[in-house]
1. So for the protein assembly as shown: antiparallel DSSP bridges make up what percent, rounded to the nearest 5?
2. If you take the alpha carbon radius of gyration of chain B and divide it by 2.2 N^0.38 Å, what ratio comes out, to two decimals?
3. Calculate, in whole percent, how much of the Cα-Cα pair population of the stretch B:1-90 lies beyond 20 Å.
4. Counting only C-alpha contacts under 8 Å and six or more residues apart, can you give the relative contact order of the stretch C:49-148 as a whole percent?
5. Given a 1.4 angstrom probe, what's the average accessible area per residue across the protein assembly as shown, in square angstrom?
6. Sort A:V210, B:V16, B:V186 from largest to smallest accessible area, using a 1.4 Å probe on the heavy atoms of the protein chains.
7. Which ³J(HN,Hα) values, rounded to whole Hz and listed in residue order, are derived for the stretch C:291-299 from phi using the Karplus coefficients 6.51, -1.76 and 1.60 in 6.51 cos²θ - 1.76 cosθ + 1.60 with θ = phi - 60°, glycine and proline given as x?
8. Within 10 Å of each Cβ in peptide B:85-93, how many partner chain Cβ atoms are there on average? Round it to a whole number, please.
Amino acid sequence: MTTIKAIEANLLTKRFGSFTAVDAITFDVQQGEIFGFLGANGAGKTTAIKMLIGLSRPTDGQAKVAGFDVYRQTEQIKNHIGYMSQRFSLYEDLTVKQNIRFYGGIYGLSRREIKTKTEEIVSNLELRDYSNKVVGALPLGWKQRLAFAVAGVHDPKIIFLDEPTGGVDPATRRQFWEMIYAAANQGVTIFVTTHYMDEAEYCDRISIMVDGKIEALDSPRNLKIQFEAKSMDDVFIKLARA
Amino acid sequence: MSAVKIENISKSFDTVLALAQVSFDVLKGELFGLIGPDGAGKTTMFKILTTLLMPDQGKAYVEGFHTVKDYKKIRRIIGYMPGKFSLYQDLTVEENLNFFATIFNTSIKENYHLIADIYGQLEPFKKRRAGNLSGGMKQKLALSCALIHEPKVLFLDEPTTGVDAVSRAEFWEMLGRLKAKGITIVVSTPYMDEASLCERIALIQTGKILSIDTPEHITNAYHKPLYAVRSDDFFRLMKELRGQHFAERVEPFGEYLHLTTKDQITEHEIHQYIQSQGHSTIELSAIEATIEDVFLDLMQAN
Amino acid sequence: MMLRTFIAFVKKETFHILRDPRTLFILFGMPIALVFIFGYTITNEFTGASISVVDQSKDKLSQALIDHLVASGHFELINVSDDIVSLENDFKAGVVKMGVVISPLFEQHFYRDKKATVQIIADATEPNYAATLTNYATRMINAFQNTKSEISSIPYQLDIESRMYYNPKLIGAYNFVPGVVALILMLICAMMTSLTIAKEKEMGTMDLLLVSPLHPLLIILGKVTPYVILSFINAIIVLGIGYFVFTVPIKGSLVLLLLLVLLYLMVALALGILISTKANSQQTAMMSSLFILLLPTMLLSGFIFPIASMPVILQYISKIIPAKYFIIIEKAIMLKGASLDSVINPVIVLGIMLVILLAAALKNFKVIYK
């Protein structure tokens, strides 16, 4: 494993008035790692991610994402990361090709690059027969995989996934995770936020946030040993009830 | 007599078949789970059973009443918690509960015993608007509102979706206590791991029932040899195993791969194969199937 | 039991209204804003219209005529010159909308030749306004002529006198107050009803209400009652502003007027419910309300454009616009002091509309979805 760090956060803090949403969190994510960022609703996950992707300025502490500083280099950060959320990603009324072209355009890809990328995505996902169909007509699982591919259209170093596979059937979910594994295998860092604990089990390492602090950080296996738990669900419950 | 009886129900929306000839019974006092992913037809089934939707074909009965002909009688005796949070966000916790008590012609006081241990946790926040509650608290309020008129049958459509693990665990504990009070509960969930918390389950996928039984019977019926495998190079291992003739299915299950074998092959032979591919820190052990393994298997068979 | 449920419903609905500033604004801000907007924009009256005078005579009588025009308060003198070019420049600069040109030797011609010329020139890029101004100026000049004329021996004097019944001063408010009442009641009652029911559907709470033992009629009644009451209060506010601020009379029976306001409210309500049975989201309800209610009520009811001057097709369409009949009723009672007998025809039409709309709304209200 290489030791290049995709994300380094050191005592990263965000306060809103007297309320500390993110309380001095410190963690590293290695390049090519699948990192699960877990926590209950309101634990501070969203605020932390907003700081990492350059949408919110930290109150205190340091962080580098893809080697860029979260205070001064937010524009560079945005160019080097991809983002996919279950709620917001593809335009349902545009075709597969139009979506790829649009997102390629946003990241300043040339017309030729967009063409190559479109070709690549359509053939990797076996969407050739559907490339001129509107995205809304595709099954949920295909949409998810397409959304992931589109999030990576500009070859970002890190892809942030916000609750990527809630509610899909077990087979579709696995196809999706296999895509993630393949991307990670090529050195793309994957940062997954979720409150579905069974999704966490697919990550290399996970952190669990409780009330603004990272209360646990390790591989799922080690966490289960540490907390004497059967599943990640149990780990989470033990942490939250402690 | 069954609390819920479903006979050959079919329902289509435009050209999409949501339910295809579904039949099953739920016994009185049972905690019954409808397990399946989004789009499997769970919500459609609930809308038919709660008399909101007419089936295209087939019949359904709740406590012996026909869901279309006797819909008024059914509406008096059921509690329904829709999949989407469906309370008045701009009313307070107390106002919501009061309103639902009144329209069912009862009062919070009269049936407090039913909701005491659920609503009790909400009472400190009873002046708070429902829209400002956390996911777990919303879910408790919705359950309280569905329970306030002492229903005979409770229909809960994905009550644990979007709720954190702690609230989910608490919710299932509450369902256990309600069941003990003799209320029949039909609950749906996309989480396979919640199946084992039900007495009986129906696995449902694209409008078809894949299997109905107790969770134990369903997993025990998985007769194929199943192994959990891992190594230091997970992704490569998965690809390599998939290319092998002895592998019927190789699926990632968190940090392990679940390997279902066909042909006659021993655990030792599998281990040797993996070792021959240059993997280290190999773990391999025969395991019992989970509901998810069965679901994947049944999906493939269908 | 029914009553208790009903009260609970009304209470809940009242909370919704009170806790949503937007709803509150639409309910109370909009009607009042509308009255004043219409009151001060759509009107045939004018005060202080800027005029220029080209006085080529500059004698006592010409000065007296200018004073007479200005003294009315309706005209404000911007410029007096003796050159027609100066008036043209004022027109081009847009400073004045009308000019009065008094020809040379005005006094002399007037008394001696009994024939003097005054020319009124108006900027007709706004034809209605130009017509209004010239009409008024002509009348004033005629009046001036009568006061100054010492000649009583004209052999045949033709006195043309026109009289405007019921609204002799042609006050715009007499037209727009009834129109605004019709518009506001339609908007608030029908649009808010359709919105509030669509909201329950959108939020999923409608399913919970349906799954309860509540009779669907009770659900609807419980939801719309607060809006009926609020709309009624609104009608009274608007009529009050009309009466006190714009001095629109109410010559007929106030009780009769309010009763018929209620009838019209019911029609609006039934329309709103009908729309909500078809619309599953607030957005659709809003769009359909605007399309089905707002525009026809404004444009085809005779409120803004006279029905008699519409193309035949639109005249036929206007026959199904409830506001048309209500405006007829309002004007008859308020301005003419009509009794029920005289407005019985439009009342019957509204009654029939109500029955048809209510039947359609109830038929379409789904107790079980297909």
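The values are calculated or read from the model by the stated rules, or taken from the named source; none is laboratory data. Owing to the predicted nature of the structure, the values given are computational and were not obtained by experimental measurement. Neighbour counts are summed over all protein chains in view; Cβ atoms, including those assigned to glycine, are modelled from backbone coordinates with ideal geometry. When the accessible area is computed, the model is the full protein with side chains, heavy atoms only, and any ligands, DNA or RNA have been set aside. Shrake-Rupley method; radii C 1.70, N 1.55, O 1.52, S 1.80 Å.
1. Beta bridges within the protein assembly as shown, antiparallel portion: roughly 55 percent.
2. Rounded to two decimals, the normalised Rg is 1.17.
3. 35 percent
4. Numbers: 146 pairs, mean separation 31.4, N = 100.
Relative contact order here is 31 percent.
5. Details: 41910 Å² over 914 residues.
Accessible area per residue: 46 Å².
6. Order by accessible area, largest first: B:V16, A:V210, B:V186.
7. 6, 7, 9, 5, 5, x, 5, 6, 8
8. Mean shielding count: 5.
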